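The values are calculated or read from the model by the stated rules, or taken from the named source; none is laboratory data. The shown structure was predicted, so the numbers you read here are calculated from the model rather than taken from an experiment. Methodologically, a virtual Cβ is constructed for each residue, glycine included, from the backbone with ideal geometry; neighbour enumeration extends over all protein chains shown. For accessibility, only protein heavy atoms count, side chains too; no ligands or nucleic acids. Shrake-Rupley method; radii C 1.70, N 1.55, O 1.52, S 1.80 Å.
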Amino acid sequence: MLFKSPRGTKDILPQESRIWQEVEEKARKVFDLFGFEEIRTPILEESKLFSRSLGDLTDIVQKQMFQIKKETDTLVLRPEATASIVRAYVEHTLYNSSNVSKFYYLGPMFRAERPQKGRLRQFHHIGCEAIGCENPALDAEIIFLASRLLAESGVEGFNIQLNTLGCTPDKKMFGLNLREKLQPHKKSFCEDCQARLSKNVFRVLDCKNKQCKDIIRSLNIGEGHICDDCKKHFEGVKEGLALFGVSVTLNPFLVRGLDYYTRTVFEITHPALGAQDALGAGGRYDHLVEELGGPSRGAVGFALGVERLMLVRGREVFSEDLSSPLDCYIIPLGDAAFKKSVQILTDLRNVSVSGDLDYLGGSLKSMLRRADKRNAKLCLILGDNELAKGVVLLKFMKQSTQEEVPLGQLVDRIKEVLC
Ligand code: HAM
């Protein structure tokens, strides 16, 4: 029986994995530059953590969580990391810090969605959360950071859409107004939106169905529901963005699929992504820390979808050569040579020279072909003749030249030619 990776999951094979490593490395460098520190939380979390923070009626909680029931516990594979990080922040009383806590994370998330291009059941986030501050300039810096991360990966042509949802009372009022405005059009909405109208009215605003979109665009959604404090905060975000030199598109229709957001929300889209055009998204969630049992702390963050980033990344900022580079490939000809080769290999690795040994044997020609396929810079050929003379035949693969090197000088000579 042939097995395949489960629907909506993907193997990342070695060549692609090298690009992932580069993306992750670039991200870590940028986060370091911005003063963020890595946090790693478990992939398994209590189911209630997400119903409490994302909201009982959200699509993720209603339909998309992979649940594991074990004895009396109901665990889920995390669908996102913000709730986990806030849980860890509260659990470890990190709120006692006198400064903003800045965390970044990289890792897999799980959502039982219908798979399609750019939409997987296991996907990866590169994200960050800054907890302990309500200053709108921080929202701006967070958006700047997201755009910097994308720029480092050579992503161009993305669009940052920005909106404010206002505080909790503003959101409530917006919900009521929206329901009132949408109700007369109920029959013209798609089936999902008809259900959303009573359950989760904000979600109607980001329905992809053309007819629903047309109705929504025809409505006049102003800033009427936003209170003065939240308007001021939003002005602060826009001023901050101007300071950081980030341009955004204001989108009063932008809402987010997760309940924890208040005030600033943003989404980064890319036209090359097609239907699933969100490259990343984030915003402020000033009540989540309290909601999960901590004190009142403002917070803001975002997450980029790595698989989607891969679809639109700039090829030129990544290494051209995707095959793993190997310094040395050792070809032993015979049993005695094999034993000596193991020792040479260890000596080389001890001085940080990468090496591999031909374990398959066969003709010299076939072993050289394998060395070539492994992209080795040098080939070390060792047979009975070489052993008797106390030398190794060093072959320069690119130049197709070779020289005999005394065994005692081999490591130094290799280090010399490699640098
Ligand atoms: P989100 O919008 O649910 O936000 O996910 C962020 C990004 O993850 C999306 O913009 C998209 O690029 C990617 N993504 C989401 N679902 C999938 C999927 N099924 N397949 C592939 N990629 C996907 C959050 O998760 C929030 N926790 C972001 C945040 C952090 N807000 C504040 N802090």
Test of understanding: express the Cα radius of gyration of region 20-150 as a ratio to 2.2 N^0.38 Å, with N the residue count. 1.13
Lysines with Cα under 17 Å of Lys117, excluding same-chain neighbours fewer than 8 positions away: Lys10, Lys208
Projecting the Cα atoms of Pro115, Leu94, Phe396 onto the charge dipole of the chain, where Lys and Arg contribute +1 and Asp and Glu -1 at Cβ, the residue farthest towards the positive end is Pro115
Give, in nm to one decimal, the length gained when the segment between Ser218 and Ser324 is fully stretched (0.36 nm per residue of separation minus the Cα-Cα distance). 32.7 nm
In whole µm²/s, the translational diffusion coefficient that Stokes-Einstein assigns to region 48-101, given a Kirkwood hydrodynamic radius over C-alpha pairs, 37 °C and 0.692 mPa s, equals 262
Set the bar at 21 Å for Cα to Cα. Now go through Lys373/Lys398; Lys29/Lys415; Lys365/Lys415 and name every pair that lies beyond it. Lys29/Lys415; Lys365/Lys415
Positive end of the charge dipole of the chain (Lys, Arg +1 and Asp, Glu -1 on Cβ, about the Cα centre): tell me which of Ile215, Ala272, Leu178 has its Cα farthest that way. Ile215
Rank-order 249-261, 392-404, 307-319 by packing density, defined as the average count of other C-beta atoms within 10 Å over each peptide's residues, highest first. 249-261, 307-319, 392-404
Using the Kirkwood formula over every pair of different C-alpha atoms, what hydrodynamic radius in Å results for region 326-412? 12.6
Roughly how many debye, to the nearest 20, is the charge dipole of the chain about its Cα centre, given +1 on each Lys and Arg Cβ, -1 on each Asp and Glu Cβ, and no other charges? 1460
Would you mind telling me the share, in percent, of accessible area of the chain contributed by carbon and sulfur at probe 1.4 angstrom? 50
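Counting other Cβ atoms within 10 Å, keep those with at most 16, restrict to DSSP loop, and tell me which trypsin sites (Lys or Arg not before Pro) in region 78-183 are left.
Here the sparse-neighbourhood loop sites are Lys117.
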Here FRET efficiency (C-beta to C-beta, Lys69 to Glu403, R₀ 45 Å, nearest 0.05) is 0.10
Under a no-solvent Debye model with one identical scatterer per Cα of the chain, what's log10 I(q)/I(0) at q = 0.10, 0.11 Å⁻¹? -0.78, -0.88
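Full extension from Arg315 to Lys29: what is 0.36 nm times the residue separation minus their Cα-Cα distance, to one decimal in nm?
Between Arg315 and Lys29, full extension yields 101.0 nm more.
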Before I look further, what does the chain give for accessible area per residue, probe 1.4 Å, in whole square angstrom? 51
Add +1 for every Lys or Arg and -1 for every Asp or Glu among the other residues with Cβ under 15 Å from the Cβ of Val100, and state the total. -3
Overall Cα dimensions of region 168-226 - principal axes, largest extent first, Å: 28, 22, 19
Can you check how the C-alpha radius of gyration of region 286-360 compares to 2.2 N^0.38 Å, as a plain ratio? 2.23
Counting sequence-distant residues (5 or more places) and residues on other chains, those with an amide H built under 5 Å from that of Thr262 are Arg284, Tyr285, Asp286
With a point put 7 Å past each Cα toward its Cβ, work out how far Lys389 is from Ile12 in nm, to one decimal. 4.7
Aspartates and glutamates with Cα under 18 Å of Lys70, excluding same-chain neighbours fewer than 8 positions away: Glu45, Glu46
Taking only the alpha-carbon positions of region 202-290 and ignoring solvent, what does the Debye formula give for the base-10 log of I(q)/I(0) at q = 0.14, 0.25 Å⁻¹? -0.61, -1.50
